[in-house]
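One structure is given here, and the rest of the page talks about it.
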Amino acid sequence: MDATDMGQDLKSILVDEAELDQRLTEMAAEIDRDYVGREILLVGVLRGAIMVMADLSRKIHTPLKMDWMAVSSYGSGTKSSGVVRILKDLDNDVHGKHVLIVEDIIDSGLTLSWLRKNLESRGAASVQIATMLRKPEAAKVEVDVAYVGFEIPNEFVVGYGLDYAENYRHLPFVGTLAPHVYGG
Ligand code: PRP
């Protein structure tokens, strides 16, 4: 999928493919520097993080293993409650592991704030976060994030794992949607 498949639905490209690739290379180098002598357990948060997991992990030289979680806020439209439900838990015990959570986006910060505490309570040796995108203006809680790809404005974004009604996840760039798509 590319911009031409979006027609009038694409408002603008916010972060293009080359910028994503370049930033991921830099983030992987930072991670390699920080984790010398340690093995990483990359924890991808389904479903949005699949692209970041695939691309970031392939640029990391430090030994690593991968695991996945799926989480969801309770009910619908209650994301701001900060109550998170585990839909799919990790397959591995994180006790004593150096966990690096991989996300596509941090919006309010509530999901990651909860997830970090949850993994720390299981006895992980360390828990850090890497996210491709972050919306500082949308933050409801402060989350200490070690690796941030890009800080972006508080706009509706799609692509590179991010969806609107499950569409556009396979766009190779991050773009903003034209308001007519979401009735804005
Ligand atoms: C997105 C994203 C984070 C969360 C961030 O997932 O992948 O997990 O929202 O939002 P927050 O900072 O406000 O908590 P989403 O619930 O859209 O699910 P998906 O990854 O399956 O698309």
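The values are calculated or read from the model by the stated rules, or taken from the named source; none is laboratory data. Given the structure is predicted, the values throughout are model-derived calculations rather than measurements. Backbone-built Cβ (ideal geometry, glycine too); neighbour counts: all protein chains shown. Calculation scope for accessible area: heavy atoms of the full protein, side chains included, ligands and nucleic acids excluded. Shrake-Rupley method; radii C 1.70, N 1.55, O 1.52, S 1.80 Å.
Brief remarks follow.
Residues are listed down the side, and each one gets a yes or a no for (1) in contact with a strand residue (DSSP E or B) (Cβ under 9 Å, 6 or more places away or on another chain); (2) at pLDDT 95 or above:
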position	(1), (2)
Glu142	no, no
Ile152	yes, yes
Gly161	yes, yes
Gly184	yes, no
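- Number of positions in the range 164-184 that are closer than 18 Å to Lys135 by Cβ and β-branched (Val, Ile, Thr): 2
- Evaluated against (1) open to solvent by 50 Å² or more (accessible area, probe 1.4 Å); (2) within 11 Å of the ligand (Cβ to nearest atom), Gly183 falls short on exactly one condition, (2).
Let's see how each residue does on (1) out of contact with any Gly (no Cβ under 7 Å at 6 or more places or on another chain); (2) within 16 Å of the ligand (Cβ to nearest atom); (3) farther than 17 Å from Arg134 by Cα:
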site	(1), (2), (3)
Arg23	no, no, no
Asp32	yes, no, yes
Val36	yes, no, yes
Ile40	yes, no, yes
Leu64	yes, no, yes
Val71	yes, yes, yes
Asp91	yes, no, yes
Asp104	no, yes, no
Ser108	yes, yes, no
